[in-house]
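**Student:** Handing you this structure, nothing more for now.
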Amino acid sequence: MEESSEAEEPPSEPPGSETNDASASLRRIPRGSSRRSASTPLSDNAKSFKKKHFPSVSLALWNDWHWQVQHRFRSWNGLRRIMHLTDAEQAALQIPSGRFPVAVTPYYASLLDSENGQDPLRRSVLPLSEEWVRHPEESTDPLGEDKDSPVPGLVHRYPDRVLFLVTGFCSTYCRYCTRSWLVGRHGSGGHASRRLWERALAYIQATPAVRDVLISGGDPLTLADDALGWLLDRLRAIRHVEVLRIGTKVPAVLPQRITRDLVWLLRRDHPLWMSLHFTHPKELTPETAEACARLADAGIPLGSQTVLLKGINDDVTTLRALFQGLLRLRVRPYYLYQCDPINGSPHFRTTIARGLEIMDGLRGHTSGYAVPSYVVDAPGGGGKIPLLPDYVQGVDGEDLILRNYEHRLFRYPKAFEVVSGPGRVVHKAF
Ligand SMILES: *Cc1c(COP(=O)(O)O)cnc(C)c1O
């Protein structure tokens, strides 16, 4: 059974060209284009998947994001046709009325390994019955967002910025979602009403301290162009709002959404930044590279957010490949999150020690730009707290003992510290 979204609008794109580069391969991570290419690329995976499961669908339709949303795989019945489901997956998919919806776009489904139940992307979007197990330390709202919510759909936790949850709808649902309490709600399509938006806009308008608005959800880029444009223009019209940000997974799960029309609409409201959710280097396909290139070419600074997930991406090799691949797409790794203790997520959670070990394996070993901040979003609403490996090893006399990325020790004499007094700067010692 397929669900249709409220984000309906007529296709805004000319049909994709049939002459796509067949050599574009998933075996290597593509390089983001710095020019505006004429066609929408089609990766080898998508090509063979489409041929096998949607043989009568034109390339133009496949590249139409509305078609992708309408043909999402949402149940056991659809998924079993495209892959060999494990007993555990079958059991979980057959539990009636799930914790929150299952949905996978045909494009993202083409990236899943149909034979391997341990495939990292499969584990991130297909449920297991562990989701229904209740653990006392977990909750539906571990970040305490409700208590920092002045009006529905708005979280105001930090002094100068707000999180604006504009929709509960996503094209593809991640099983470890921090906002599983929100997603799939707000009526059939999951989009919040304009009445709720008006309340949030009124709050922002009346709160001059807010200089940065982070638009998230759900996935804001599943909104129709006119709704999104309306919202961005309204926010842009508020004098004290300096910066807009959008948090989205669309470039990874629905890259067809990054149409030229969308990009024209987004560049209207600069300075606009974006945080793109990525999980694994397998997501860095030619389609995703093109989506990122279009956004970067529109002058939108791109950052990434990744959740550290057990058995999915919790090793240095995988994350280094992901972060280096993102740099090639002009996406700067921004946050690596410890997996929040939402209900039914223990099978995803790694230890903090593992996270620190991974950070230790990145810093110094690859471009600093490829190293995100590792953060824990403090349960109960403390906000994001950064964690670093122990680079400060101790104090010896007047010296600080530091270690570098190779675990070699260095002294930093206290004497190096600059002591400043009124009207003068003195370097102590020597
Ligand atoms: C993550 C988050 C923000 C943005 O935090 P930055 O560190 O500025 O990216 C704002 N509000 C809430 C509630 C958040 O969770």
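The values are calculated or read from the model by the stated rules, or taken from the named source; none is laboratory data. If you're wondering where the values come from, they're calculated on a predicted model, not measured in any experiment. Neighbour counts are summed over all protein chains in view; Cβ atoms, including those assigned to glycine, are modelled from backbone coordinates with ideal geometry.
**Student:** What pairs can you find where one residue is in region 332-354 and of a type in the set (K, R), the other is part of a loop (DSSP other than H, G, I, E, B) and modelled with pLDDT under 95, and their Cβ atoms are less than 7 Å apart, with a gap of 6+ or different chains?
**Tutor:** Note: pairs meeting the criteria are R349/C339.
**Student:** Now for a different question. Tally up the residues in region 128-150 that are within 14 Å of the ligand (Cβ to nearest atom) and either without any contact (Cβ under 8 Å) to a residue 24 or more places away in the chain or not acidic (D, E) (or both), please.
**Tutor:** 7
**Student:** Another question about this same structure. Looking at region 314-339, which of its residues are within 16 Å of the ligand (Cβ to nearest atom) and basic (K, R)?
**Tutor:** Result: R332, single match.
**Student:** I would also like to ask the following. Just give me the residues in region 367-385 being more than 9 Å from the ligand (Cβ to nearest atom) and either of a type in the set (G, A, S) or surrounded by 16 or more Cβ atoms within 10 Å (Cβ to Cβ) (or both), in sequence order.
**Tutor:** Answer for region 367-385, where residues must be more than 9 Å from the ligand (Cβ to nearest atom) and either of a type in the set (G, A, S) or surrounded by 16 or more Cβ atoms within 10 Å (Cβ to Cβ) (or both): S367, G368, A370, V371, P372, Y374, V376, A378, G380, G382.
**Student:** If you don't mind, another one. Report yes if W230 is more than 16 Å from the ligand (Cβ to nearest atom), among the hydrophobic types (A, V, I, L, M, F, W, C) and touching a Gly at 6+ places or on another chain (Cβ under 9 Å), otherwise no.
**Tutor:** no
**Student:** Moving on. Within region 328-335, can one find any residue that is crowded, with 22+ Cβ neighbours inside 10 Å, out of contact with any Ser or Thr (no Cβ under 6 Å at 6 or more places or on another chain) and modelled with pLDDT of 95 or more?
**Tutor:** Among the residues of region 328-335, at least one is crowded, with 22+ Cβ neighbours inside 10 Å, out of contact with any Ser or Thr (no Cβ under 6 Å at 6 or more places or on another chain) and modelled with pLDDT of 95 or more, which makes the answer yes.
**Student:** Another question, if that's okay. Could you give every pair whose Cβ atoms fall below 6 Å, whose first residue belongs to region 151-164 and is at positive phi, and whose second residue is of a type in the set (A, V, I, L, M, F, W, C) and more than 9 Å from the ligand (Cβ to nearest atom), counting only separations of at least 6 or pairs across chains?
**Tutor:** If the second residue must be of a type in the set (A, V, I, L, M, F, W, C) and more than 9 Å from the ligand (Cβ to nearest atom), the pairs left are G153/L165; G153/A192; G153/L196; G153/A200.
**Student:** Taking the residues in region 203-226 that are in contact (Cβ under 8 Å) with a residue 40 or more places away in the chain and part of a helix (DSSP H, G or I) as candidates, determine which candidate is nearest to C170 (Cα to Cα).
**Tutor:** T222
**Student:** With respect to the numbered conditions (1) in contact with a Phe, Trp or Tyr (Cβ under 8 Å, 6 or more places away or on another chain); (2) within 29 Å of D64 (Cα to Cα); (3) away from the ligand (no atom under 16 Å from the Cβ), which one is the sole condition not fulfilled by G168?
**Tutor:** Failed condition: (1).
**Student:** Can V57 be described as surrounded by 20 or more Cβ atoms within 10 Å (Cβ to Cβ), at pLDDT 95 or above, of a type in the set (A, V, I, L, M, F, W, C) and under 30 Å from L223 (Cβ atoms)?
**Tutor:** no
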